[in-house]
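Only one structure is covered here, and it is reproduced in the block below.
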Amino acid sequence: MSELLLTGISQAVTPFGMGPKHGAAMGQLRMIQQAAIAVDAGVISWIGPERDWRGNAESVIDLANRAVVPGLIDPHTHAIWAGDRLADFEARSAGATYEEILAAGGGIWHTIRETAKKSSEEMAALALPRVQALQRSGATTIEVKSGYGYTLEAELRMLEAVRLLQQQTHCQLVPTLLIHLCPVERAEREAYREMVCAELIPEVARRGLAHTVDIFVEHHAWSAEDARIVLGCAKAAGLSIKLHTEQFQRVGGLEMGLEMEALSVDHLEVCSLEQCELIAKSKTIATILPGVSLHLGLPTAPGRALIDAGAAVALGTDLNPGSSPLFSTAAAMGLAVRLNGLTAPEALSASTVNAAAALGLSNVGRLEVGMQANLLVLESSDWRDLPYTLGHNVVREVWVAGRKQAA
Ligand code: NIG
Ligand code: FE
């Protein structure tokens, strides 16, 4: 006897379960028409054509001819911040660039000044409606980075805030320590790096506040050489690593990240075709963030070329106040099809199974027996409405671990 049976599913659509998807496989989906899904203890216990179901269920819910896809996974967000960046938005629309604003001490520095003042309770309260918006858009697993704390204490408060947030939502939050900006002066930068390596990373590892360290490698942030040292410390502390890299300029972050076996390299707006080939030869996931290209008017990451080369591409919102105020994981899929050349099935793989791999997770992102029962019931009987529709939410119901979430 199963606890729950979902019937009346016009199509149950899922990527295959082969771990990180490479190249051609990303575009292949399994589609079961007129499907049913059984759930026990929060896990999918049966999936197949409804006419093949032979069991019994305590409770049966008819989804009335609607499509079902796996819950989406947003593998890259900065959902905790204070203050706003509306003045930057206005200045940029009048011609200033993101990098100029940052170099002048504004932009990310402004958000750090605002965020670092807050308690972890205040940070969590600011972030909760953002996480809820992502969940309503279909995200059932959401990565949340620190990086606007800057000091040891404020970075720890940001990660504590993710813990508090986790108590207030059923979707799964994955905390990441982001080593975001650094002092411009060399001596100060070395002292800050030393603090990160000797105090911050060990404390985060000791308290289990995050399992991954991310670093921003860019002309106005960390050099590849400094980042290599920081990421080496992270690995020595038993943490996995990822990078913000090739966003504005190529300063060696991508090659270093691949060499250090990063879980993912994120952004890639200026990634060259040769670099696509390098990623394809590695186990590292290429995470693209189309909201950034849209909001900052940057080149678009070469999603098509990455997949054609055989790289595993994941997709995220990069929700943050400065470069991507995109509060919808489903909209990121829609943008990736339009801006990065992904097909609709590739966008679904990028937002599910590959996004899970970018977070080191393997129990979410697919509709398959044994996977956590995280799924979306769409308004439509055709799943393609999810990447197709812009400016309207076609996600009707969000289920996490076999439980329907309040809208
Ligand atoms: O992913 N590029 C660096 N960090 C963030 C933006 C943060 C911000 O602008 O506040 C990003 O784009
Ligand atoms: Fe980011």
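The values are calculated or read from the model by the stated rules, or taken from the named source; none is laboratory data. Since this is a predicted model, take the numbers as computed values, not measurements. All Cβ positions, even for glycine, are placed from backbone atoms using ideal geometry, and neighbour counts span all protein chains on display.
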**Of the criteria (1) surrounded by 24 or more Cβ atoms within 10 Å (Cβ to Cβ); (2) assigned to a loop (DSSP other than H, G, I, E, B); (3) of a type in the set (Lys, Arg), which one LYS242 fails** = (2)
**Message:** Here's a check for you: in segment 231-250, which residue that is over 14 Å from GLY360 (Cβ atoms) and charged (D, E, K, R) is nearest to ligand 1 (Cβ to nearest atom)?
**Reply:** GLU246
**Matching strands (runs of 3 or more DSSP E) fully within segment 41-160 where at least 2 residues are surrounded by 23 or more Cβ atoms within 10 Å (Cβ to Cβ) and within 13 Å of ligand 1 (Cβ to nearest atom)** = 139-145
**Fill in**
Taking segment 297-322 and the residues there that are within 11 Å of ligand 1 (Cβ to nearest atom) and not in a loop (DSSP other than H, G, I, E, B), the one that is nearest to ALA87 (Cα to Cα) would be ASN320
**Prompt:** What do you reckon, is LEU294 surrounded by fewer than 24 Cβ atoms within 10 Å (Cβ to Cβ), assigned to a helix (DSSP H, G or I) and within 16 Å of ligand 2 (Cβ to nearest atom)?
**Reply:** yes
**Asked** Restricted to segment 258-290, and to residues that are within 15 Å of ligand 1 (Cβ to nearest atom) and surrounded by fewer than 24 Cβ atoms within 10 Å (Cβ to Cβ), which residue is farthest from HIS211 (Cα to Cα)?
**Response** VAL270
**Fill in**
Pairing a residue in segment 65-79 that is under 19 Å from SER146 (Cβ atoms) with any residue that is among the basic types (Lys, Arg) and within 16 Å of ligand 1 (Cβ to nearest atom), where Cβ atoms lie under 6 Å and the two sit 6 or more apart in sequence or on different chains, gives HIS78/LYS145; ALA79/ARG130
**Asked** List, please: which pairs have Cβ atoms under 8 Å, are six or more places apart or on different chains, and start with a residue in segment 371-389 that is at pLDDT 95 or above and end with one that is of a type in the set (Phe, Trp, Tyr)?
**Response** ALA373/TRP399; ASN374/TRP399; LEU375/TRP399; LEU376/TRP399; VAL377/TRP399
**Complete:** Among the residues of segment 20-40, the number that are at pLDDT 95 or above and surrounded by fewer than 17 Cβ atoms within 10 Å (Cβ to Cβ) is 5
**Complete:** Picking from LEU367, LEU342, LEU335, LEU315, the residue that is crowded, with 24+ Cβ neighbours inside 10 Å, over 15 Å from the mean Cα position of the chain (by Cα) and not assigned by TED's automatic domain parsing to the domain that holds LEU386 would be LEU342
**Asked** For segment 65-99, how many residues meet the condition of being closer than 22 Å to LEU348 by Cα, charged (D, E, K, R) and within 16 Å of ligand 2 (Cβ to nearest atom)?
**Response** 1
